[in-house]
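Chemist: Got a structure for you, written out below as structure tokens; questions coming shortly.
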Amino acid sequence: MKVIKTISEMVAWSREIHRAGKTIGFVPTMGYLHEGHLSLIRRAKALCDFTVVSIYVNPTQFAPHEDLARYPRDFERDEQLCRSAATDVIFYPETREIYQPDHFTFVGTEKMTGKLCGLSRPHHFRGVTTIVAKLFNIVQPDCAVFGQKDAQQALIIKKMVSDLNFPVQIDVAPIVREEDGLAMSSRNKFLDSKQRQEAASIYQTLQYVAAQYRKEKPDFNQLKKEAANFLNNRAECQIDYIEFLDAENLEPPAADRPVLMAVAVYFGQTRLIDNIVLS
């Protein structure tokens, strides 16, 4: 396994692989890897000949008041996990390598970002689409794997790839959960024991609503109220949002199409997201 830290070396490696007629699968991450990330790596390996994992905590997707400095980092641990998953290359650049001092070009998908996480984190997705576009140009992957846990992000990346003609296949992998249903996340480490126990109620809420949805013609306003009551009765938390949107384009839901139920919840200062597709 190689660790590459510069753009020039990463580009040269990718060109060499493509000249040999081989394909590259890519998993972009911010590090502090867990089993959810490893499932994406294994999926990329199944799709392509070689696998690249980027580890980079991207500053442009954090607002000044958000947890950039607090975001967990442990490269030695990440390196061991990537090696255990038979990753071929870790791309591990510094910020001065990614963003020049006079950088002012950004990529946006405004129609899809002004909802869900984009409402409470208005800077977030412009940073995400910009760094992913840059990484696609650097790594030159044939396919890239994202997680369904970040459903809005995955749909936005798909739209960016389509609109800007990136020659990259986007694959979205299922959510990986703990035994009690909590979606795996690097931020779970910030939960204390009580918060960690109560955080499982997020998935319980999703399952409850899914059962209600199957019973009768959906009333999304009523389902939203029921979901909030269900969650608040089981956890000491602050709900950022509970929303129902079209699972493919984030437009208002229609009963004859798959519906994304997405939630964001604060436990103390830790913000967790999760979702389920209703059909």
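Chemist: If a residue has to be more than 19 Å from Val139 (Cβ to Cβ) and either within 20 Å of the chain's Cα centre (by Cα) or not assigned by TED's automatic domain parsing to the domain that holds Glu251 (or both) to count, how many in the stretch 163-214 make the cut? Break it down into steps so the answer makes sense when it comes.
Modeler: Kept after step one, since they are more than 19 Å from Val139 (Cβ to Cβ), are these residues of the stretch 163-214: 163, 174-214.
Filter once more, so that each one left must be either within 20 Å of the chain's Cα centre (by Cα) or not assigned by TED's automatic domain parsing to the domain that holds Glu251 (or both): 163, 174-191, 199-200, 202-203, 206.
The number of residues fulfilling the criteria is 24.
Chemist: Please identify the pairs in which a residue from the stretch 250-267 that is assigned by TED's automatic domain parsing to the domain that holds Lys115 and under 17 Å from Tyr208 (Cα atoms) has its Cβ atom under 8 Å from the Cβ atom of a residue that is surrounded by fewer than 22 Cβ atoms within 10 Å (Cβ to Cβ) and not charged (D, E, K, R), counting only partners at least 6 apart or on another chain.
Modeler: No pair meets every condition.
Chemist: Just to be sure I understand the filter: pairs with C-beta atoms under 6 Å, separated by 6 or more residues or on different chains, first member in the stretch 97-123 and modelled with pLDDT under 95, second member surrounded by fewer than 15 Cβ atoms within 10 Å (Cβ to Cβ). Which pairs pass?
Modeler: Close Cβ pairs satisfying both conditions: His123/Ala63.
Chemist: Quick one: would you say Lys217 is part of a helix (DSSP H, G or I), surrounded by fewer than 16 Cβ atoms within 10 Å (Cβ to Cβ) and of a type outside the set (Val, Ile, Thr)? Talk me through it step by step, then tell me what you get.
Modeler: Values: part of a helix (DSSP H, G or I): no; surrounded by fewer than 16 Cβ atoms within 10 Å (Cβ to Cβ): yes; of a type outside the set (Val, Ile, Thr): yes.
When the stated conditions are applied, Lys217 does not pass them.
Chemist: Output yes when any residue across the stretch 151-162 is over 28 Å from Asp74 (Cβ atoms), of a type outside the set (Lys, Arg) and assigned to a loop (DSSP other than H, G, I, E, B), and no when none is.
Modeler: Looking for residues that are over 28 Å from Asp74 (Cβ atoms), of a type outside the set (Lys, Arg) and assigned to a loop (DSSP other than H, G, I, E, B), one finds none in the stretch 151-162, hence no.
Chemist: Looking at the stretch 8-65, which of its residues are of a type in the set (Phe, Trp, Tyr) and buried (at least 22 other Cβ atoms within 10 Å of the Cβ)? Let's see the steps before the verdict.
Modeler: Of all residues in the stretch 8-65, those of a type in the set (Phe, Trp, Tyr) come to 13, 26, 32, 50, 56, 62.
If the condition is that a residue be of a type in the set (Phe, Trp, Tyr) and buried (at least 22 other Cβ atoms within 10 Å of the Cβ), then Phe26 is the only one that fits.
Chemist: Go over the candidates Thr109, Thr87, Thr113 one by one and state the one that is touching a Lys or Arg at 6+ places or on another chain (Cβ under 9 Å) and under 21 Å from Ala44 (Cβ atoms).
Modeler: Values: Thr109 fails: under 21 Å from Ala44 (Cβ atoms); Thr113 fails: under 21 Å from Ala44 (Cβ atoms).
Just one listed residue meets the conditions, Thr87.
Chemist: Here is a follow-up. What about Lys189, is it within 25 Å of Arg70 (Cβ to Cβ), in a helix (DSSP H, G or I) and charged (D, E, K, R)?
Modeler: Details: within 25 Å of Arg70 (Cβ to Cβ): yes; in a helix (DSSP H, G or I): yes; charged (D, E, K, R): yes.
Yes.
Chemist: For residues in the stretch 66-89 being part of a loop (DSSP other than H, G, I, E, B) and acidic (Asp, Glu), which is surrounded by the most Cβ atoms within 10 Å (Cβ to Cβ)? Break it down stepwise before answering.
Modeler: Taking the stretch 66-89 and keeping what is part of a loop (DSSP other than H, G, I, E, B), we get 66-74, 85-88.
When the remaining residues are screened for being acidic (Asp, Glu), the result is 66-67, 74, 88.
On the way: Glu66: 14, Asp67: 14, Asp74: 13, Asp88: 19.
So, considering only residues that are part of a loop (DSSP other than H, G, I, E, B) and acidic (Asp, Glu), the one surrounded by the most Cβ atoms within 10 Å (Cβ to Cβ) is Asp88.
Chemist: Is it true that some residue in the stretch 233-240 is touching a Lys or Arg at 6+ places or on another chain (Cβ under 8 Å), touching a residue at least 12 places away in the same chain (Cβ under 8 Å), buried (at least 17 other Cβ atoms within 10 Å of the Cβ) and not in a helix (DSSP H, G or I)?
Modeler: Within the stretch 233-240 (the criterion being touching a Lys or Arg at 6+ places or on another chain (Cβ under 8 Å), touching a residue at least 12 places away in the same chain (Cβ under 8 Å), buried (at least 17 other Cβ atoms within 10 Å of the Cβ) and not in a helix (DSSP H, G or I)), the answer is yes, since at least one residue qualifies.
Chemist: Oh, and also: Looking at (1) in contact (Cβ under 8 Å) with a residue 12 or more places away in the chain; (2) surrounded by fewer than 17 Cβ atoms within 10 Å (Cβ to Cβ); (3) not aliphatic (A, V, I, L, M), which is the only condition Asn188 fails?
Modeler: For Asn188, the failing item is (2).
Chemist: Could you check the stretch 133-169 and list, in sequence order, the residues that are hydrophobic (A, V, I, L, M, F, W, C) and within 20 Å of Asp88 (Cβ to Cβ)? Full working, then the answer.
Modeler: Within the stretch 133-169, the subset hydrophobic (A, V, I, L, M, F, W, C) is 133, 135-136, 138-139, 143-146, 151, 154-157, 160-161, 164, 166, 168.
Within the stretch 133-169, Leu135, Phe136, Ile138, Val139, Cys143, Ala144, Val145, Phe146, Val168 meet the criteria.
Chemist: A follow-up question, please. Surrounded by fewer than 14 Cβ atoms within 10 Å (Cβ to Cβ), in contact with a strand residue (DSSP E or B) (Cβ under 9 Å, 6 or more places away or on another chain) and over 15 Å from Cys117 (Cα atoms): is that true of Glu251 in this structure?
Modeler: On the way: surrounded by fewer than 14 Cβ atoms within 10 Å (Cβ to Cβ): yes; in contact with a strand residue (DSSP E or B) (Cβ under 9 Å, 6 or more places away or on another chain): yes; over 15 Å from Cys117 (Cα atoms): no.
In short, no.
Chemist: Quick test for you: out of Tyr208, Tyr203, pick the one residue that is of a type in the set (Phe, Trp, Tyr), more than 23 Å from Pro28 (Cβ to Cβ), in contact with a helix residue (DSSP H, G or I) (Cβ under 7 Å, 6 or more places away or on another chain) and part of a helix (DSSP H, G or I).
Modeler: Working: Tyr203 fails: in contact with a helix residue (DSSP H, G or I) (Cβ under 7 Å, 6 or more places away or on another chain).
After applying the criteria, what remains is Tyr208.
Chemist: Against the conditions (1) among the acidic types (Asp, Glu); (2) surrounded by fewer than 17 Cβ atoms within 10 Å (Cβ to Cβ); (3) assigned to a helix (DSSP H, G or I), where does Glu198 fall short? Just the number, please.
Modeler: Among (1) among the acidic types (Asp, Glu); (2) surrounded by fewer than 17 Cβ atoms within 10 Å (Cβ to Cβ); (3) assigned to a helix (DSSP H, G or I), the lone unmet condition for Glu198 is (2).
The values are calculated or read from the model by the stated rules, or taken from the named source; none is laboratory data. Here the structure is a predicted model, which means the values were calculated and not measured. In this analysis, Cβ positions are derived from the backbone assuming ideal geometry, glycine residues included, and neighbour counts consider all displayed protein chains.
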